[in-house]
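Okay, so here's the structure we're looking at.
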Amino acid sequence: MTDQTFPDVDADLDADVDLNPETEVAIRQHLVQVALGRAPADTVLRVGRLLDTGTGLWRDNREIVIAGKRVAYTGPAGSWPGTATTRVDLPDLSAVPGLGEVHKHIESSHLTPEHEAALVIPRGNTWTCEASHEFSNVNADRTLDFWLEARRRGSPLKIFPLPGSAVPPTAYEHGGGWLGYDAQRDFLDASRMVAGLDEVMDWPGVSDPENPSHTRLWGMIRATLERRAVVEGHAAGLTDLPTINAFSAAGISSDHEMWTAEEAMDKLAAGLFIELRIHSLSEMVRGLLDLGLRDWSRVAFATDDRSASDTLKTGATDHNVRTAIAAGLAPEIAVQCATINPARHMRLEQWVGLIAPGRYADIVLLDDLDSFSIHQVWADGRHVATGTDYLIDVPCIDWPDWATKTINVGRALVPGDFRIAAPSGRQTVTAALLRPFHWADDFLTMDLPVQDGAVQRDADRNVTKFAVIDRFSGQGAVSKMFWLGCGPRTPDTAIACSMAHDKHNLWACGSSDDAMALAANTVADMDGGWALVSGGRVLATIRWEIAGLMSARPAEALDRDMQALLTAAEGIDWLYEPSFNPRWQPGFPERLAWATLTCSPWKWCLVAPSDHAPEGLVNVATGATHPVVW
Ligand SMILES: [Mn+2]
């Protein structure tokens, strides 16, 4: 071989965190020389077999040649003509690509990105499309700074941010982030890690030109389509064919909210990419198989939301794959649904989704396929996990105030903030009531007693009080009303939390105004999280100091606090009534943090006070408002 000089590779091959063109070209020029055997590789990894996700076929006795963080070559063992620093032989293991999340809110792990990596990479998840409306609703301007920082410090989890379309979730929610055309254009131009636009959920806003969110939403869609990026969707309750077709015609490319296989088939036929979530995954897989789905390339699995505690218990993306295999999906197809299918959909297949040249050397090594048992994981070309042990250091990030000081109630709350006054001279009033996941066109009503001019709860009829506290403006505004079937029956007890999907104000629910004030103040004083109080005492807290949604600590430490809260909650008598959502269960109302959603198919909601809705009760589909008592 002649002594040739190679094209200058003058970029820092490790500076690929933004996939910027200079670095990307330099990396690929280098990979060309390695693949041809003209430049040395770092590692040659030999495996018993490798799943080619492009064909769905296993290739026996393969070698994977790694240079830097990328794959330079794959082929039969011994076929690469070059030399390498290190050789690793794993003849008993099966290699599949690093698993990807097409739609996940990492915020719902309640871990910051560097600790999320330590939790999910050992479970096979090496890349994640981050659906960022949660963090963006708290601090929109810092969306990319937050999601890319850990990678910039060497974390091997590739996070592809999708800034939130639901920022704000509806035109009737204020404070915190606000995103429109300019912001989305700037995000997409700032980093090639930005894959598109997070789930478009406000269908009334998209489809009704009179809706106050119409211009903002179409501005974000336009900025995304102009740059050939991906518009993700959320089409809960949109099941009739005209609406499904209109949803797809809008350029919204996916849905993860299907409830039946028939609905999924209709949405596939309308050109939507379908993303199956764990709580219905088994039935959906069986249903789609029964309906004869032959091409699964437009199907992926979406975690959407999974707490660190649940991930420690059941698994991460590997749990999704395992569940699909157990439901009868061929293991190879199940792996494709968590690798190349989402990668293609998100236009990322040049970097992830398959073990092939140019892509990141993210490799999951299985010791058993049917149970999807992971022996070890490689990411960015390094062996980073064995079993569930994460082998590399977690970057220590000293998150600045823009991430840690996001609870701005502006004052200490007092019991009077939660008092609901009756019109003068009344012994009873009619009250509007909601209950968790109340998707009906009308709110409920009930006559409630008045005492000392204040409308009273009625535990005997499962009626408690629920409040949303503005945590962004510093005005300390509080909206409150009566809810049915949730919260503590135990006297003088309350629960409060700074995760209130999707606007993430502060919510509190309790059997006394004193307890609600104590719980809400406790959450505000610790920069966010959960507080359970009773009899004037704080029984348990979980601190989420980052955006009031996450914590910068290991999953195991966070889980210990979660278990302590659940244990304390066992000592409380909780109200319960079945709701519109089959996932609403008796006991500690953890899912109350989801009951403040305002996306489709919600109608009447309680939001923080605004000029439009001073008491906070608003129909987010029509903009109608109503007093909470009359
Ligand atoms: Mn979602």
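Tabulated data for the structure shown
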read-out: Residue within segment 567-574 that is touching a residue at least 60 places away in the same chain (Cβ under 8 Å), among the aromatic types (Phe, Trp, Tyr) and surrounded by fewer than 23 Cβ atoms within 10 Å (Cβ to Cβ) present; value: yes
read-out: Subset of segment 299-310 that is more than 14 Å from the ligand (Cβ to nearest atom) and surrounded by 19 or more Cβ atoms within 10 Å (Cβ to Cβ) - its residue that is farthest from Leu119 (Cα to Cα); value: Val299
read-out: Condition met for Thr490 (more than 19 Å from Val414 (Cβ to Cβ), polar (S, T, N, Q) and outside the structural domain of Val138 (by TED's automatic domain parsing)); value: yes
read-out: Residues (touching a residue at least 60 places away in the same chain (Cβ under 8 Å) and either of a type in the set (A, V, I, L, M, F, W, C) or in a loop (DSSP other than H, G, I, E, B) (or both)) located in segment 69-87; value: Lys69, Val71, Ala72
read-out: Selection within segment 100-117 - assigned to a helix (DSSP H, G or I) and either within 13 Å of the ligand (Cβ to nearest atom) or surrounded by fewer than 24 Cβ atoms within 10 Å (Cβ to Cβ) (or both); value: Ile106, Glu107, Ser108, Glu114
read-out: Of the criteria (1) in a loop (DSSP other than H, G, I, E, B); (2) charged (D, E, K, R); (3) out of contact with any Ser or Thr (no Cβ under 9 Å at 6 or more places or on another chain), which one Glu173 fails; value: (3)
read-out: Leading residue by the ranking (farthest from the ligand (Cβ to nearest atom)) among those in segment 205-215 that are surrounded by fewer than 22 Cβ atoms within 10 Å (Cβ to Cβ) and part of a helix (DSSP H, G or I); value: Thr215
read-out: One residue from Met193, Met201 being closer than 20 Å to Ala131 by Cβ, more than 16 Å from the ligand (Cβ to nearest atom) and within 22 Å of the chain's Cα centre (by Cα); value: Met193
read-out: Which numbered condition Pro97 misses (of (1) crowded, with 24+ Cβ neighbours inside 10 Å; (2) under 23 Å from Asp255 (Cα atoms)); value: (2)
read-out: In segment 218-250, residue surrounded by the most Cβ atoms within 10 Å (Cβ to Cβ) [restricted to those that are touching a strand residue (DSSP E or B) at 6+ places or on another chain (Cβ under 6 Å) and within 14 Å of Tyr181 (Cβ to Cβ)]; value: Thr224
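The values are calculated or read from the model by the stated rules, or taken from the named source; none is laboratory data. Note that this is a predicted model, so its numbers are computed, not measured. Virtual Cβ from ideal backbone geometry, glycine too; neighbours counted across all protein chains shown.
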